[in-house]
1. Cα to Cα, under 16 Å, and not fewer than 8 places away if on the same chain: which lysines meet these conditions relative to A:LYS144?
2. A:ALA111 versus B:ARG180, label points 7 Å from Cα toward the beta carbon: distance in nm?
3. Please say if region A:292-497 is rounded, prolate or oblate, where rounded means a/c under 1.5 for a ≥ b ≥ c the square roots of the C-alpha gyration tensor eigenvalues, and otherwise the choice is prolate for a/b larger than b/c and oblate otherwise?
4. Within region B:159-198, which trypsin sites (Lys or Arg not before Pro) sit in a loop by DSSP and count at most 16 neighbouring Cβ atoms inside 10 Å?
5. Just to confirm the filter: which trypsin sites (Lys or Arg not before Pro) across region A:336-412 are DSSP coil and have at most 11 other Cβ within 10 angstrom of their Cβ?
6. Compute, for chain B, the length of the dipole vector about the Cα centre, with Cβ point charges of +1 (Lys, Arg) and -1 (Asp, Glu) only. Units Debye, rounded to 20.
7. What are the residues whose amide H is under 5 Å from the amide H of A:ALA374, where those residues sit 5 or more places off or on another chain and H is modelled from the backbone?
8. Over the Cα atoms of the protein assembly as shown, what radius of gyration and what Dmax do you get, in Å?
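Where a number appears in this text, it was derived from the coordinates with a stated rule and is not lab data. A quick note: this is a predicted structure, and the numbers were derived from the prediction, not measured. Don't worry about glycine lacking a Cβ; one is built from the backbone with ideal geometry, like all the others, and counts go over all protein chains shown.
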Amino acid sequence: MRRSAIIVGCSVALSATLTSCSAPAATDATDTGKASKSGYLTASDASFKGTGPLTVQLDYDSVEAGGLDPQTAATARSWSIESLVYEPLVTVDPKFGIEPLLASSWKQPDATTYVFTLRKGVTFSNGRALTTADVVGSLQRLLKSKAAYAAQLGPVKSVTATGPTEVTVQLAKAYTPFLAALANTPAAILPMKEIDDGSLDLTKEMLGTGPFVVKNHKQDQYWNFTRNTAYRDTKKVRVDDLKIEIVPQEAARLAALRNGSAAVVNFNNIDSMDQLTGTRNAKVVSQANSDFYYLIQNSKNPDSPLADEKVRFALNSALNRTEIASVALGGQAQPTGVTPSVLPGACDPAKLPAATVKTPDAAALKKAGTLRLAVYTSEPAVGQIAQVIQQQLAKAGVTVKIQKYDDTTYGAKVFGAKPDFDLAVGWFAGYVDASMVSRWWNPVLAGFSGTFLNDDKTLDALIDKAAGEPDGATRTKTLADLCARVDTAAQMLPLVTRPSVIGYRTDQVSPTLRTAEGYGNFLRDITSYTLPAGK
Amino acid sequence: MRAAAVRVRRALAMRSYDGLFRAAVWVLGVLLLVTLAGPFVGVGGQPDAIVGPRLMPPGAGWPLGTDNLGRSLLPRLLQGIGTTLLLSCLAVACTALISTALGVIAGYRGGRTAEVILRIGDVLYSFPAIVLAVLVAAVLGPGRTAALAAIVLVTVPLMTRMVGTAARAVARREFVTAARISGVRAPTIMLRHILPNVAGTVAVQGTYALSVGILVEGGLSFLGYGVQLPDASLGLLIQEGGLYMVGAPWLIVAPGVVLVAAIMAINLVGDSLRDRFEPRETRSLV
């Protein structure tokens, strides 16, 4: 259940397909949002000229061991909230390409060298100008840290300032997802001068170059942001006060959207789209994600039948991902391999070895016996997926007992030092390059999966190869091999993608929402939101 | 002792009760009947079978509609009633056993024994019921065992106190003193002289404990600590239905109505029994 984050990169054609798949279910005749230009579910209405406050409700808050330090943030929620304050060198465009942010441009003279030129006129919210020292210091700090995300940056050999506004990153070997990895909040550029002189405690305070500054925050209750007056485009930002309320109950967030006490709301139940049908001034959309649900088969317990690859593969063969997507997620999700199926170059889940098995190995299934399947309570879809899996495996003669835990207990049972589970359902952020998330299948790189995942050297080699090859037919073949190996080893099985459901009040805000998102940040374009004049 | 037995017999005579009591008994009887007969007759099919499209309103193949996985709500509701009632009844039976034993000992012995028993009960009683239940479930792990233990722990303190108070009053009466002077052993006195005289209190408190048990089970399942998927309980069905209150109201209305009816019926039965055993008290519900 890593709530770590997601995406980068998706083709125009794929975006169009996803748009049609995720057409808004609840609409309102007075909706003024402009319907999807390519890559967008909705674009903000330029005729809205107002400024003012905006209230957003989310289901849970950012909770990190490293406090508010963005580099140690490991969940998509933290990345979203902290991205309101911090910015990285590059960002992701609506079609999962990489575009400039704090870097105005970059060059790649060879496969292992990246030269970034910094944007002019960028200052931190305290008024100090961004320097190359901040960029070099931030990236070096991340690489030296024990943050899981550091593994996503790849084999960085050096980061040096090579001019007054130029920073060069040298890699030890080619690493295709490097720019995609830089485009996420943990790789944000921090105010290194203030950190080094001790005047800023990153775990307790936030000081960035982004559009907002934090006014106050009460854990698990609310965040209050105000517009960063030092932000380079501050005059274009229409939201001058942003309140994020943490409301865990789905029904309460539904009610808030209905009565207008919140302007933007996230839902984690796909059926919330139907619940708001016909609600005046409320619109709900489904945003595709590269995030996907997975099934862990704990292979590290030598006494478990799951230690046997044949048993794991037989169980994998008995799963029907298409049925999981249609029954548990109302058809809003799609089957996926370890390369998120919404990303370019992803493998075809229908061609995976287990999917092509007509009759699962009965002898191996018999050995499976009774298995415990751990799920957590905060996300209804996880329980629904578990029940569909239970039925599918029951048909194959395998008894599955679902064990439902609160999130903390689930974390301890699955990711603790002594895992106590046979099967577990959770989800990963899928990121924006097809090879990125596969690094979590290497327990040495991931760090958190070594207690339930055996290190597979063949798989590790494929993960490295997929990361090192440039985009093209060869890499697509390598990604297909990678998917097949994950599917055969069946230690951690990608199941189906995990869509986001976002609701908003058309009488309070005209948001810009992308068709698909890679790092789980549905507030990514908040600086483009427009508000009605009354605001 | 004979007088006590007569009182119990009179208390159980249906015709001497009012319409509310009889209606409540009928409701409980019907719930019990459909719960027991449902699985054998195969009413509505298998509770975990996917029978149609998701979130369908009541129709021919699914008389109470379908849920978010396309399962018919009717067999799940029947399973839920059975789970909730069975779990609660079992838990209350345990509660009655423990509380009666502790209450009678405390009432008869008095002194330090009573102080220790009743003070431990007071400590448990000071926790809000659902917090105590969640604590128990967190220690034992989610599931029926945890739900059962939680209901017992939540309902034992009050019943022990009530039985203890009743037993103390009985222990002071002349026939108990006479038995003690005659050399009758303490266990025999408690079993043959005190227990029959506190049976009414146990019966009344048992009905209240049953309704508390149903609510605790519902609360635990609502929070994910009770009955585990795909089994249904009333609490779990209400939890699931709550997410679909507007788009698919049948998912919360049916289990909600049954839960309200069951608790009302149990409380009315308890109230009537109390009126019968303790006629000097005023009726609390009506």
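1. Once the sequence-local lysines are set aside, what remains near A:LYS144 is A:LYS157.
2. Inter-label distance under the simple model: 9.6 nm.
3. It is rounded, given that a/c, with a ≥ b ≥ c, falls under 1.5.
4. Hits after loop and neighbour filter: B:ARG172, B:ARG173, B:ARG185.
5. Values: sites: A:LYS351, A:LYS358, A:LYS366, A:LYS367, A:ARG372, A:LYS395, A:LYS401, A:LYS404; in loops: A:LYS358.
Qualifying residues, ordered by number: A:LYS358.
6. 1360
7. Hits under the 5 Å cutoff: A:GLN403, A:ASP422, A:LEU423, A:ALA424, A:VAL425.
8. Taking only Cα atoms of the protein assembly as shown, I get Rg and Dmax of 31.2, 108 Å.
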